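Structure first, commentary second.
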Amino acid sequence: MSEWINDFNGIAIKFNDRLIQIKTDAALFDYLAQKGNGSLEIAEYVLKKYQELHQKELDIQRDSIAIEILAHVYSDRLGTLIMGLESKIPNKEKNPLLLLSEGYLKELRKHTEVIDIGERSIDSNRKIWDGFVPYKQLIFGILNHNA
């Protein structure tokens, strides 16, 4: 396994064989929150850096990487926001949103702490992210400057 590299705006990234891992943390959130920064720039960087480190291309489309990053970042953010509402919601024991946060959202956040972006041969979810590529304009349009 490789080491975490933080040379792209402080974002922690690992470059393994056929797999890139990105930490979903403050550095990634801060980068994406800045106008003009987006997941496409991260995807371009990781593809270039992967080729530099492994002397071969990573067999993943740039847009598929970008969409996977966004899906993980914004699902993690959703979980954080909903769990943060706990103190503001009355009838906590009966509120379906909080019941959801106790189970599903905690599990979701656990799975979004590190984004595993792998080639199809090792990543069974690659087909899901590749399937969203035809809708990239819609996805990037909805997220606007946060994409």
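The values are calculated or read from the model by the stated rules, or taken from the named source; none is laboratory data. What you are looking at is a predicted structure, and each value in this text was computed from that prediction instead of being measured. Cβ coordinates were reconstructed from backbone atoms using ideal geometry, including for glycine residues, and neighbour counts include every protein chain displayed.
Structural remarks
- Residues satisfying the stated conditions in segment 26-56, i.e. in contact (Cβ under 8 Å) with a residue 40 or more places away in the chain and charged (D, E, K, R): Lys35, Lys49
- Considering Ser87, Ser101, the condition of being surrounded by 13 or more Cβ atoms within 10 Å (Cβ to Cβ), of a type outside the set (Val, Ile, Thr) and modelled with pLDDT under 95 is satisfied by Ser101 alone.
- Matching residues, segment 30-54, being touching a helix residue (DSSP H, G or I) at 6+ places or on another chain (Cβ under 7 Å), assigned to a helix (DSSP H, G or I) and among the polar types (S, T, N, Q): Ser39
- Filtering segment 119-132 to residues that are in a helix (DSSP H, G or I), in contact with a Lys or Arg (Cβ under 9 Å, 6 or more places away or on another chain) and exposed (fewer than 13 other Cβ atoms within 10 Å of the Cβ) leaves only Lys127.
- Taking the criterion of being in a strand (DSSP E or B) and touching a residue at least 60 places away in the same chain (Cβ under 8 Å), the residues of segment 1-25 that qualify are Leu19, Ile20, Gln21, Ile22, Lys23.
- Glu57 surrounded by fewer than 13 Cβ atoms within 10 Å (Cβ to Cβ), assigned to a helix (DSSP H, G or I), modelled with pLDDT of 95 or more and not aliphatic (A, V, I, L, M): no
- When segment 133-145 is limited to residues that are surrounded by fewer than 17 Cβ atoms within 10 Å (Cβ to Cβ) and out of contact with any Ser or Thr (no Cβ under 9 Å at 6 or more places or on another chain), the one that is modelled with the highest pLDDT turns out to be Pro134.
- Segment 1-54, subset small (Gly, Ala, Ser) and exposed (fewer than 14 other Cβ atoms within 10 Å of the Cβ), residue farthest from Phe140 (Cα to Cα): Gly10
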